[in-house]
1. Of all residues in segment 241-252, how many are part of a loop (DSSP other than H, G, I, E, B) and out of contact with any helix residue (DSSP H, G or I) (no Cβ under 9 Å at 6 or more places or on another chain)?
2. Out of Q128, Q172, Q150, Q168, which single residue is modelled with pLDDT of 90 or more and either at positive phi or of a type in the set (S, T, N, Q) (or both)?
3. Residue under question is R232, and the condition is that it be within 26 Å of T140 (Cα to Cα), touching a Ser or Thr at 6+ places or on another chain (Cβ under 7 Å) and surrounded by 15 or more Cβ atoms within 10 Å (Cβ to Cβ); does it hold?
4. Might you check whether a residue that is closer than 20 Å to I302 by Cβ, open to solvent by less than 50 Å² (accessible area, probe 1.4 Å) and in contact with a Ser or Thr (Cβ under 7 Å, 6 or more places away or on another chain) occurs anywhere in segment 266-277?
5. Inside segment 128-150, can you point out the residues that are open to solvent by 20 Å² or more (accessible area, probe 1.4 Å) and not hydrophobic (A, V, I, L, M, F, W, C)?
6. For N113, state whether it is in contact (Cβ under 8 Å) with a residue 60 or more places away in the chain and either open to solvent by 70 Å² or more (accessible area, probe 1.4 Å) or part of a loop (DSSP other than H, G, I, E, B) (or both).
7. In segment 286-335, how many are touching a strand residue (DSSP E or B) at 6+ places or on another chain (Cβ under 8 Å), among the aliphatic types (A, V, I, L, M), open to solvent by 30 Å² or more (accessible area, probe 1.4 Å) and within 30 Å of L68 (Cβ to Cβ)?
8. Output the helices (runs of 4 or more DSSP H) that fall wholly within segment 36-108 and possess 3 or more residues being at negative phi and open to solvent by 80 Å² or more (accessible area, probe 1.4 Å), or say none.
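The values are calculated or read from the model by the stated rules, or taken from the named source; none is laboratory data. In this text, all values refer to a predicted model and were calculated from it rather than measured experimentally. As a convention, Cβ positions derive from the backbone with ideal geometry for all residues, glycine included, and neighbour counts pool all protein chains shown. Calculation scope for accessible area: heavy atoms of the full protein, side chains included, ligands and nucleic acids excluded. Shrake-Rupley method; radii C 1.70, N 1.55, O 1.52, S 1.80 Å.
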Amino acid sequence: GKGRHRLGGMAGRQANDSSRVMRYRTCLRNTILEACRMRPNWKETDSDTDWDICWADVPWMREHFDSLQLDVHQRVNHFRNHYELTRKDLMVKNLKRAKKQLEREDRASEAANYDFFPVTFILPNEYQMFVEEFKRHNVTWIAKPIGKAQGRGIFLFNDLRDVKSWKQAHDQRGGVNRDKDKPEVDVEVYVAQKYIENPYLVGGKKFDLRLYCLVTSYSPLTIWFYRSGFARFSGHRFSMNKGGLGSLAVHLTNVAVQKTETGYDKDAGCKWDLRQLKIYMMSRHGSEDVNRCFYNIQMIIIRSLLAVQKVMMNDKHCFELYGYDVMIDQDLKPW
């Protein structure tokens, strides 16, 4: 097996010095690196061992974390199985399981609070259950690949023919009727959710919230909420006309999607800070209803973390900075 490496050095022995140098290691070359470079007394190192904080990407965690023995002061920015919350299909699985567990414990009132995610199926594995639900309700669905971000691969649909390719590919890959002479097909897994058709609009445009929290421990669960955040807007007026379902810029607020649109202002962007949004909402609904809405958003974050608390591999050397995307509907219900 792999040898275990003892990490640490001078950086760890200077813990009580207020002017100490904080050594960080990161393979990322984005905003993370810029933020680290702006902090006083933070110095980048390419050492594999002598660092205080390692801001790692997922491949680094898979390749290195299990073989390391960290000193008490050293921290890494992921828990070992962070994907239990950050991967779309596993997040849904854990939320559903938490709700069922509460129901088995006769805690129906708390279980009822796990109503902040739409009806969701994992395709192609839950295709038959999805079809039954699809036929019962004439609504629009949104499909998202589990392993992609920034709006890539997402589409809306209200016709079953749009998703039958998953079932066909699934059968070809491993179904009982698969033609053994044909090569297997690697099927991309998606989550399919009922689309929220009544989003809260500002100036006729859809938005979602990006909010952050820092988890420093799952045992006990320790959460630090970032008080600010921002709303990301679409640059187009919202519409549920069937002919417009293919226009992702109407329905997705991701900057990666919006910045490709004609007229996008890269300096102004399509954002409001959280304070601006709250002031606008309070002018329309009053402080009591808006404060209740944002309290419910905070509880969504807490309940999602409780849903994975028992399965997360807690480690005193690990922390995780989560970015939550939250929608609000016309009834001020957060999702």
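1. Residues meeting the conditions: 3.
2. None of the other options fit; the residue is Q128.
3. Values: within 26 Å of T140 (Cα to Cα): yes; touching a Ser or Thr at 6+ places or on another chain (Cβ under 7 Å): yes; surrounded by 15 or more Cβ atoms within 10 Å (Cβ to Cβ): yes.
When the stated conditions are applied, R232 passes them.
4. Yes: one or more hits.
5. Q128, E132, E133, K135, R136, H137, N138, K144, G147, K148, Q150
6. So N113 passes the test.
7. 2
8. Output list reads 88-104.
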